[in-house]
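Worksheet for the structure shown next.
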């Protein structure tokens, strides 16, 4: 889906679906595995899945932002590749400022979703760190 959308203008709904099936799925499966291994109940598992879905999308949007504003040396990869590959990104569809606002909103939703968990502060800190990452 990602490769098929290169060079094409896709809408925000399709882009969200693409990110959720790519980065979001990779992060969410880790949360599901942790819940299974820890014997978490349904409420806890649902909270972790919601958290993972939100940070997964936030991570990818932040990646889109870093592709236009990040430092290639710090990132360990060339920046500007999304534009040169004519990929639709949150930044190309909504702008950098609105994209970061979306990252912040998703991060707050993620943090809110795990308040019922014991020791959720570690996961909250992780979400904040990912939302502000420079690499």
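The values are calculated or read from the model by the stated rules, or taken from the named source; none is laboratory data. Computed from a predicted structure; not experimentally measured. With ideal geometry, Cβ positions are generated from the backbone for all residues, glycine too; neighbour counts draw on all protein chains shown.
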| message | Here's a check for you: in the range 95-114, which residue that is over 27 Å from residue 83 (Cα atoms) and either at pLDDT below 95 or part of a helix (DSSP H, G or I) (or both) is nearest to the chain's Cα centre (by Cα)? | response | 110
| message | Return the residues of the range 117-135 that are more than 20 Å from residue 70 (Cα to Cα), surrounded by fewer than 14 Cβ atoms within 10 Å (Cβ to Cβ) and at pLDDT 95 or above; say none if nothing qualifies. | response | 121, 122, 125
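Kindly indicate which of 37, 15, 3 is touching a residue at least 60 places away in the same chain (Cβ under 8 Å) and either within 20 Å of residue 94 (Cβ to Cβ) or exposed (fewer than 10 other Cβ atoms within 10 Å of the Cβ) (or both).
Among 37, 15, 3, only 15 is touching a residue at least 60 places away in the same chain (Cβ under 8 Å) and either within 20 Å of residue 94 (Cβ to Cβ) or exposed (fewer than 10 other Cβ atoms within 10 Å of the Cβ) (or both).
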| Would you say residue 28 is under 15 Å from the mean Cα position of the chain (by Cα), modelled with pLDDT under 95, in a helix (DSSP H, G or I) and closer than 24 Å to residue 112 by Cα? | no
| note | Residues of the range 115-135 being over 12 Å from the mean Cα position of the chain (by Cα), part of a loop (DSSP other than H, G, I, E, B) and closer than 27 Å to residue 76 by Cβ, in sequence order, are 134, 135
| task | Scan the range 49-87 residue by residue and report those that are surrounded by 13 or more Cβ atoms within 10 Å (Cβ to Cβ) and assigned to a loop (DSSP other than H, G, I, E, B). | result | 70, 79, 87
| Does residue 46 count as assigned to a helix (DSSP H, G or I) and farther than 15 Å from residue 100 by Cα? | yes
